[in-house]
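Data first, discussion second: the structure below is written as C-alpha cells.
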Amino acid sequence: MSVDDASTVDEAVDAEHSAGAGPAATPTWMQLNSRLVDWIVAVVLVIASVVLVVWHVPQHKMVSPIDEYVYIDYLAKVPTQFVVHRGEETGEYARLYLSCNGVRTLGYYPADFCTDWQEADEQTMPNGGKTTADIYTPVYFGATWLLAQPLVLLGMDDITEAGRYTGAVWLAAAAVLLYLTLRRLRVDVVTAGSLGLLMVGSLSAYWSNTYISTDAMSLLAGALMAFCLTMFLRGSRWVPWLFVGSAVVLTLAKMQNLMGVAAAAVTLIFWALADAIRRGRGAEGRWSSLVRDRRVISAFAAVIVSIVAQGVWAVIRNLIVADTRADQGVEAPLSKRALVEEVLRFFPGVSKGAIDPGLLGIAAQIASAVMAWIIVAGVIGLIAASRRGSRSESLALATFFVALVSGPLLAIATVVMAGYYFYLPARYGMSLLAFFLVCAGLLFTRSVWTRWFSVVAAVVSYVAVMTLTG
C-alpha cells in the first residue's frame, strides 16, 4: 500500500461512516477531549471485565462441562512437566478436584470418591482417566500459570481458582483492543464503548474467561487481529511483522484462533484488490500490483506460517506420545451433509457461548438473542449499506466469507490434527466475534438511534450474564 493510500484511508472511512450523522451527533466535549474520553472508556471496560470475572469465579463450585477437568490437569502440571502427552493419565489433583466438585449441568460423583479415591475408580473418570488436552500447546496454560502466581503469593493456594481469575486479563485486553479498533475506524464513542461492553457481557466471555478454558484467548485473538488492520490503514512500517507474529502466537494458543487470523487476512486481500481495481492499469498491472502489495504478502504469510507452526506442533505431539489417545465417544462420520451443516455453525451460532443457553435459563437466552441480532444485523447490514468497493464492504464480505467456510475447513483440519471428526461446537468461532462487532460498529455509527440501540443491547446483555448463577 502506498503512502498516499495510507494517508487517505482514514479520511475515506470517516466520510463514509459519518455521513448522515449530522454535526450534533457527537457532543462537542467529546470532540475536544477525545483522548481523555477514550482513556475513561477503556478504564470502564477494564473494570467491567474484572467485575464480571470477580463476581462469577467464586460462584463456580463445580467444574465446567467444557473440558475444564483436563485443562485443570494441564495447568497443574505446568511447573513439573510443562506439557501433557497424548494418552497420558490425568493427575491426582485434577481427579480429586473433579470428584469433589462435580460437573456443572451433569452432576456429582459419589462422596467417597472425594475422600478416598482409588485407582480402581479410574474408569469412572472421563475418557477412561486419560487427558484429551494434549492437542494444545502449553502457550495458554503456561501464560495462565504465570499470571496466577501473584495470586498464589497472596495466599490463594488453589491453582484452579487463581487460574480462573486470570481470565479477566484476556477479557479486558480484548475489550480495550476492540474499542480502540472501532475508534480508529471513526466509530463514535457511544457505539464503540457499547460494543466493547457487549463483548464483556457475552456468553462467550462468561464460559471462556471465568473458567479454565483454552477459549480464554479467543476474544483477544480476534480483537488483536482487527486492531492490526487499523495499523495497516495507518501505514505502520512494522505492522506486517506484528501481524504475522501475533497470528502465529494466537494460533499456537488454539488452532481455532486461525479463524480470526483468516478474517483479517482476507480483509487485507480484499482491500488490496479493491485498490488495484480502482487504479486501473490493466489486468497485468493490477496483478503485478497485487503480488507486490505488502498487505497481500502479510495476509498469506500470516496464514501459512500459522499453519506451519501448527504442523510443527503436530510433529512434536507425535514424538512425545505416552499411550493411545483417549476415546471421547464423540466421533462422527465426516460426510457431505456434515460439511454442509458446518457452514452456518458460527454465524450467528457463536452468540450461544459454550452450551445451549436454554440450560441456563431466560437470562442466558436473552444474552444469546441480543448477540445474535447484533451479529446478523452488523454483518449483513454493513454489506447492504456500504458503498461498493469500499473498505467497509470488503471487511464485512471477508468476515461473512470466513465465517461460512471456517466450519467445513476446520472439520477437515480437525481430522488431520486429532485423527477424527466431531460436530464442532459454536464456541470455536469466538475469534470471529470481534469482527462481527466491528461490522456492527461501522453500521451503527451512521445513525443516532442505532448508537443508542447498541447501548441498550450492551447493558441488557451484561446484566443478563451477571445474573447467571452456578
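From the list Tyr211, Tyr206, Tyr179, exactly one residue is touching a residue at least 60 places away in the same chain (Cβ under 8 Å) and either at positive phi or not in a helix (DSSP H, G or I) (or both). Which is it?
Tyr211
What's the number of the condition Thr105 fails, among (1) closer than 25 Å to Arg427 by Cβ; (2) in a helix (DSSP H, G or I); (3) open to solvent by 10 Å² or more (accessible area, probe 1.4 Å)?
In the conditions (1) closer than 25 Å to Arg427 by Cβ; (2) in a helix (DSSP H, G or I); (3) open to solvent by 10 Å² or more (accessible area, probe 1.4 Å), Thr105 misses (2) alone.
Give the residue, chosen from Phe243, Phe270, Phe232, that is in contact (Cβ under 8 Å) with a residue 60 or more places away in the chain, more than 26 Å from Ala367 (Cα to Cα), open to solvent by less than 10 Å² (accessible area, probe 1.4 Å) and not polar (S, T, N, Q).
Phe232
Here's the yes/no breakdown for (1) farther than 21 Å from Leu319 by Cα; (2) touching a helix residue (DSSP H, G or I) at 6+ places or on another chain (Cβ under 6 Å):
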{"site": "Trp55", "(1), (2)": "yes, no"}
{"site": "Met62", "(1), (2)": "yes, yes"}
{"site": "Asp67", "(1), (2)": "yes, no"}
{"site": "Ile72", "(1), (2)": "yes, yes"}
{"site": "Val78", "(1), (2)": "no, yes"}
{"site": "Ser99", "(1), (2)": "yes, yes"}
{"site": "Gly102", "(1), (2)": "yes, no"}
{"site": "Tyr109", "(1), (2)": "yes, yes"}
{"site": "Cys114", "(1), (2)": "yes, yes"}
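Out of (1) among the small types (Gly, Ala, Ser); (2) surrounded by fewer than 24 Cβ atoms within 10 Å (Cβ to Cβ); (3) over 17 Å from the mean Cα position of the chain (by Cα), what's the single condition that is false for Gly193?
For Gly193, the failing item is (2).
Going by the conditions given, is Ala464 surrounded by fewer than 21 Cβ atoms within 10 Å (Cβ to Cβ) and part of a helix (DSSP H, G or I)?
Answer is no for this residue.
All but one of (1) without any contact (Cβ under 8 Å) to a residue 24 or more places away in the chain; (2) open to solvent by 60 Å² or more (accessible area, probe 1.4 Å) hold for Ser335, so report the exception by its number.
Only one criterion is unmet by Ser335, namely (2).
Counting just the residues of the range 80-97 that are of a type in the set (Asp, Glu) and in contact with a helix residue (DSSP H, G or I) (Cβ under 8 Å, 6 or more places away or on another chain), which one comes out least open to solvent (accessible area, probe 1.4 Å)?
Glu88
Check Ser236, Ser246, Ser288 and return the single one that is out of contact with any strand residue (DSSP E or B) (no Cβ under 8 Å at 6 or more places or on another chain), assigned to a loop (DSSP other than H, G, I, E, B), on the phi < 0 side of the Ramachandran plot and of a type in the set (S, T, N, Q).
Checking each option against the conditions leaves just Ser236.
If I ask for residues that are at pLDDT below 95 and in contact with a His (Cβ under 6 Å, 6 or more places away or on another chain), which ones from the range 416-445 would you list?
Passing the criteria: only Thr445.
How about the range 39-50: which of its residues are more than 23 Å from the chain's Cα centre (by Cα) and either among the aliphatic types (A, V, I, L, M) or crowded, with 16+ Cβ neighbours inside 10 Å (or both)?
The answer is Ile40, and nothing else.
Restricting to the range 126-141, name every residue that is in a helix (DSSP H, G or I) and either modelled with pLDDT under 95 or open to solvent by less than 10 Å² (accessible area, probe 1.4 Å) (or both).
Once the filter is applied, which keeps residues that are in a helix (DSSP H, G or I) and either modelled with pLDDT under 95 or open to solvent by less than 10 Å² (accessible area, probe 1.4 Å) (or both), the range 126-141 yields Pro126, Asn127, Gly128, Gly129, Ala133, Asp134, Ile135, Tyr140, Phe141.
For residues in the range 384-433 being in a loop (DSSP other than H, G, I, E, B) and among the hydrophobic types (A, V, I, L, M, F, W, C), which is least open to solvent (accessible area, probe 1.4 Å)?
It comes out as Leu424.
Any idea which of (1) of a type in the set (Ser, Thr, Tyr); (2) assigned to a helix (DSSP H, G or I); (3) on the phi > 0 side of the Ramachandran plot is the one Tyr69 doesn't satisfy?
Failed condition: (3).
Look through the range 51-74, keep the residues that are surrounded by fewer than 21 Cβ atoms within 10 Å (Cβ to Cβ) and not aliphatic (A, V, I, L, M), and return whichever of them is nearest to Met125 (Cα to Cα).
So the residue we want is Pro65.
The values are calculated or read from the model by the stated rules, or taken from the named source; none is laboratory data. Every value quoted in this text rests on a predicted model; they were computed, and no experiment measured them. Reconstructed Cβ throughout: ideal geometry from the backbone, glycine too, with neighbour counts over all protein chains shown. Keep in mind that these areas ignore ligands, DNA and RNA; they rest on the heavy atoms of the full protein, side chains included. Shrake-Rupley method; radii C 1.70, N 1.55, O 1.52, S 1.80 Å.
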